[in-house]
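The values are calculated or read from the model by the stated rules, or taken from the named source; none is laboratory data. Computed from a prediction, not measured in an experiment: that's the story for all the values here. Neighbour counts run over all protein chains shown; Cβ positions are idealised from the backbone, glycine included. Just so you know, the surface numbers come from the protein's heavy atoms only, side chains and all, with ligands and any DNA or RNA stripped out. Shrake-Rupley method; radii C 1.70, N 1.55, O 1.52, S 1.80 Å.
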Amino acid sequence: MSGILEFQPAEEHVPPTPKPEPPYRVIAAEIRARIDSGELRPGDRVPSIRAIAQRWGVAIATATKVTAHLRAEGIVEAQVGSGTVVSTPAGRRSTPATASAPPSAQKGPTPDQELQLRILRAAVELADTGGLQALTMRRLAAHLDLGPMSLYRFVASKEELLTEMANLVSGDLSLPDEGPPGWRAKLELVARQQWRLCRRHLWLPHVVSFTRPALVPNMMTHTEWTLRALDGLDLPMDVRLQETLTLHALVITIALSKADEVQAERNTGMTLNRWSDSQRSRRRELLESGRFPLLATFSDDTAPDLDLLFEYGLARHLDGFAVLVAGHDPGPCTRA
């Protein structure tokens, strides 16, 4: 061993590599930067969930997190008829344009918001009058005396337009904070209001999906209200959700029959009574064959009454749910 002290080089300290930001935070930061720079001002519409997914190439779930994160920070807010827009929460610096505007100028919807609401109302009118087949972006633009491409400033696609329309009309359904006493009276109230809403807007049932539900705030409010109506029943939350969805499915299923009948009359020009008359001989032939003795006891002039069918279905469904409530047993299908 040499008498010269040998110094070993100290190990270089390498700081740990920071974990990358989750994609939703990165995207949210980009949108916030556009807001902070003044590119997007209070009241301006921010990219929708679907537009975020398409532009940044992420899943819908990630895009949903982006919007939720911005809302949680008070940067954006949902407005009926306008989608998600830039908000002006207290404590956040306004852009120069809004900061210098007099207080009276900051009240009320912006011109863009007014135009978007006008677009949605016109779309609802076209769909109410002629069904979804009558609603095209080109026809809507012509109805408003606008260029077709100008609509895409407010909605990225027809699918997004339908979502915003559903949100707009669903806002017409007014549910009381408490509602009538008793879970059954509450469920009858929300089901009948949804039924009347679908009768007013026959296109609405075609927009509802139970497998790929659109994120429609006003419809989510209905769902939340129905879940709350089942408070105090000592039922698991998953059973309460199944009941909420089943009740809504009852409404939608019968409403679809009404919508399809109206559309069939538009397409063929033949009323239900005329169609029934055209089937009379074939119906009589089948009923007189002896194969259907119970059906043969009904008058062949009996026309289906969908309002009665809805009320009957609602009553029998709630009778069954009452049995579940009384037994506090979710049953094998909900335990699976």
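Overview of results
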| item | result |
| --- | --- |
| Hey, GLY179 within 27 Å of HIS248 (Cα to Cα), open to solvent by 20 Å² or more (accessible area, probe 1.4 Å) and in contact with a helix residue (DSSP H, G or I) (Cβ under 7 Å, 6 or more places away or on another chain) or not | yes |
| Only one of ALA249, ALA259 that is closer than 30 Å to ALA53 by Cβ and touching a residue at least 40 places away in the same chain (Cβ under 8 Å) | ALA259 |
| Any hit, the stretch 301-321, residues being modelled with pLDDT of 80 or more and assigned to a loop (DSSP other than H, G, I, E, B) | yes |
| Residue that is in contact with a strand residue (DSSP E or B) (Cβ under 8 Å, 6 or more places away or on another chain) and either buried (at least 20 other Cβ atoms within 10 Å of the Cβ) or within 29 Å of ASP260 (Cα to Cα) (or both), where the choices are GLU164, GLU188, GLU159 | GLU164 |
| Qualifying residue in the stretch 215-223 (condition: more than 22 Å from PRO176 (Cα to Cα) and either touching a Phe, Trp or Tyr at 6+ places or on another chain (Cβ under 7 Å) or open to solvent by 60 Å² or more (accessible area, probe 1.4 Å) (or both)) | yes |
| Search result, residues across the stretch 236-248 that are open to solvent by less than 20 Å² (accessible area, probe 1.4 Å) and either among the β-branched types (Val, Ile, Thr) or not in a helix (DSSP H, G or I) (or both) | VAL239, THR244 |
| Looking only at the stretch 266-296, and only at residues there that are loosely packed, with under 12 Cβ neighbours inside 10 Å and among the hydroxyl-bearing types (Ser, Thr, Tyr), the one that is nearest to the chain's Cα centre (by Cα) | THR268 |
| Long-range neighbours under 7 Å by Cβ, at least six apart or interchain, first residue farther than 16 Å from ALA127 by Cα within the stretch 145-172, second among the basic types (Lys, Arg) and at pLDDT below 80 | ALA156/ARG50 |
| Residue under evaluation GLU39, criteria (1) open to solvent by 60 Å² or more (accessible area, probe 1.4 Å); (2) touching a helix residue (DSSP H, G or I) at 6+ places or on another chain (Cβ under 6 Å); (3) modelled with pLDDT under 80; (4) not basic (Lys, Arg), criterion not met | (2) |
| Qualifying residue in the stretch 255-263 (condition: open to solvent by 90 Å² or more (accessible area, probe 1.4 Å) and not in a loop (DSSP other than H, G, I, E, B)) | no |
| Residue among GLN113, GLN133 that is touching a Ser or Thr at 6+ places or on another chain (Cβ under 6 Å) and modelled with pLDDT under 90 | GLN113 |
| Within the stretch 37-72, considering residues that are assigned to a helix (DSSP H, G or I) and free of Cβ contacts under 8 Å to residues at least 12 places away in the same chain, the one farthest from VAL155 (Cα to Cα) | ALA72 |
| Residue check, VAL80 surrounded by 17 or more Cβ atoms within 10 Å (Cβ to Cβ) and modelled with pLDDT under 85 | no |
